[in-house]
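Below is one structure, written out as structure tokens, with a few remarks after it.
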Amino acid sequence: MGKIPPAVRTVPFPASSLLKNRQAVVQSEIPNPPPKPHRFPNKTPKKNAPQTPKLPTISFTSPSLSDAKTLFNSLVNSTPADLKFHNSLLQSYATVSSLDDATSLLRHMTKTHPAFSPDHSTYQVLLTKSCYSPDPNLAAVRKTLTLMATEGFPPDKATTDVAVRSLCNAGRLEHAVELVKEFCLKNSPPDSVTYNFLIKHLCRTRTVSSVNGFIKEMRESFAVKPDLVSYTILIDNVCNRKNLREATRLLGLLGEDGFKPDCYVYNIVMKGYCMLSQGSEVLWVYKKMKEEGVEPDMVTYNTLIFGLSKSGRVKEARKFLGVMAEMGLSPDEVTYTSLMNGMCRERNASGALELLEEMEAKGCSPNSCTYNTLLHGLCKAKLLGKAIELYGVMKAGDVKLETGSYGTFLRTLCRNGRVAEAYEVFDYAVESKSLKDVVAYSTLESILKWLKKAKEQGLAV
Amino acid sequence: MLPRMKKAITENPKKLSNLIDLVNLPSTLRDFLGQSQISRLGCFMRVWSYIKANNLQDPNNKNVVNCDDKLRSILLGKPQVELAELPTLIKLHFPKEPK
């Protein structure tokens, strides 16, 4: 216990909503995703290309430049000067070759096929390639950028975005930061989407203070300011690290920058207090939202009910079911599971069981987390009969067991002298791949060891 | 009271290797399993599935296993063992390596 169950964990931070304005950039400026290279050699390019509007997918399998040139020459007369097609050719070759060879191929392509004029997206293929190539410094990236500049494509926002993304994905955060600063000096500062992407990656690996340092530097040296999304990412990061003091400071900063916290920010702060089981603060955030006129959403209520249940205030949490109904929101399995969790903490497993019936009556079907919470609760409340019944339902529905409930259930069975049934549960856990064999077995082993000791002391049957 | 659930075994490399490393088997086990190397986990699984396959659990008390000759040879020659002591008995074949 004390951990946020997976069903709840996924909900409070709606990451997709943070990405909503990213789509625009990505779609318009980044070339189509590269065709995956085939495993088998595709030796004979299809000959019927000119007649059909659909262009053949060619993939290069050999890193040899001369082979690639020959293949391109064989295609050159049969294909129109379609930009996308050429980009995909280059992309395909770049996945198997070195950066220099890919650059040479591009040069060869423009020479032998004058109708084809490479644009931004073509050079971005090379740029991506240079970002992914292992390199102790940024030499390759710089070289590509210089090439782009001489060909008439000075770095712009899209270039920045492509480079930063590729560097981050290649795990070269240090270089991404360096490059962003360089771009800023060249009057091509990252747009908010790129900036937020970088911040998100920094948050994953760096300490809070070093991220703050980066943001301060960007603000002071290059006038790149964090926006509301940046703040949301930052606050989420510190809340996940249970650093609510820093979250409060960031909330203040956010206000100073002229932003008003929205629903997502409040949800995240609320989640932070949930992690610390501070029920009063969770309620305080809710009240604050109401005061500020921010409409709570489903995530807010789920977080609120989870937090209150976790800090032992199930009764209050239950009242919010009514509030949700008034708002026209219908509680989902996450809401109910949180409540059941709270009830089980109070050893009120039969109440939780009633809630299961209520929820099913309302047409909301329980998920595996619900079942595991209940199983754990029933065992702790010494309602073994009910627990075995529930286990039967779980087994019939192929519901996986979680480590915690598995251990509790096994221990309760053994304590009541039902070792054979415990072995059967062990078999189910292994068969259904709920747990790794090793974990399932070591749990069983340590429980049996404990049982032996308990028997010697006359504590168990 | 109850022992707190220990940290997942996967986080403890020593215990993990104790469980899944292949070990050269003594002749008795070799005859039973038909192979010369197995891990402690694998051995337990094989013995347990042998018990299930041959219906060796006592019909009146499922917690007890009535050993057949083959099984008896690897479980200290006991005619009857409790399921609860099965892991301990199997562990006897996998002594700690002296270091």
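The values are calculated or read from the model by the stated rules, or taken from the named source; none is laboratory data. From a predicted model like this one, the values you see are computed outputs, not experimental measurements. Here the Cβ positions follow ideal geometry from the backbone for every residue, glycine too, while neighbour counts run over all protein chains shown.
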Exercise. Mind checking which pairs have a first residue in region A:106-129 that is more than 12 Å from A:Leu90 (Cα to Cα) and a second that is at pLDDT 80 or above and outside any helix (DSSP H, G or I), Cβ under 6 Å, 6 or more apart or different chains?
Worked result: A:His120/A:Phe153
For this session: Look at region B:1-38 and say how many of its residues are within 12 Å of chain A (Cβ to nearest Cβ), at pLDDT 80 or above and more than 19 Å from A:Trp450 (Cα to Cα).
Result: 5
Exercise. Here is a list of conditions, (1) under 21 Å from the mean Cα position of the chain (by Cα); (2) more than 23 Å from A:Val269 (Cα to Cα); (3) exposed (fewer than 14 other Cβ atoms within 10 Å of the Cβ), and A:Thr194 meets all of them except one; can you say which number that is?
Worked result: (3)
Exercise. Failed condition for A:Gly377, given (1) of a type outside the set (Val, Ile, Thr); (2) within 31 Å of the chain's Cα centre (by Cα); (3) within 13 Å of another protein chain (Cβ to nearest Cβ); (4) part of a helix (DSSP H, G or I), with all others met?
Worked result: (3)
Seminar exercise, completed: Of the residues in region B:21-66, those that are surrounded by 14 or more Cβ atoms within 10 Å (Cβ to Cβ), in contact with a helix residue (DSSP H, G or I) (Cβ under 9 Å, 6 or more places away or on another chain) and not in a loop (DSSP other than H, G, I, E, B) number 19
Exercise. Scanning for something away from chain B (no Cβ under 14 Å), free of Cβ contacts under 8 Å to residues at least 24 places away in the same chain and within 17 Å of A:Glu333 (Cβ to Cβ), does region A:347-355 turn up at least one residue?
Worked result: yes
Problem set entry | Selected residue (criterion: nearest to B:Leu41 (Cα to Cα)) from residues of region A:416-446 that are assigned to a loop (DSSP other than H, G, I, E, B) and facing another protein chain (nearest Cβ under 8 Å) | A:Lys436
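At least 3 residues that are within 21 Å of A:Ser64 (Cβ to Cβ) and of a type in the set (Ser, Thr, Tyr) in each: list the helices (runs of 4 or more DSSP H) lying fully within region A:98-165 that qualify. Even if it seems obvious, please write down each step before you answer.
Working: elements: A:99-112, A:120-132, A:139-150.
So the answer is A:99-112.
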Exercise. Of the residues that make up region A:397-415, is at least one more than 10 Å from chain B (Cβ to nearest Cβ), assigned to a helix (DSSP H, G or I), surrounded by fewer than 16 Cβ atoms within 10 Å (Cβ to Cβ) and modelled with pLDDT of 90 or more?
Worked result: no
Exercise. So which helices (runs of 4 or more DSSP H) stay within region A:186-281 end to end and still have 2 or more residues that are among the aromatic types (Phe, Trp, Tyr)?
Worked result: A:192-205, A:208-222, A:263-275
Seminar exercise, completed: Of (1) assigned to a loop (DSSP other than H, G, I, E, B); (2) more than 14 Å from every other protein chain (Cβ to nearest Cβ); (3) not polar (S, T, N, Q), A:Glu389 fails just (1)
Exercise. So is A:Gly213 modelled with pLDDT under 90 and among the small types (Gly, Ala, Ser) or not?
Worked result: no
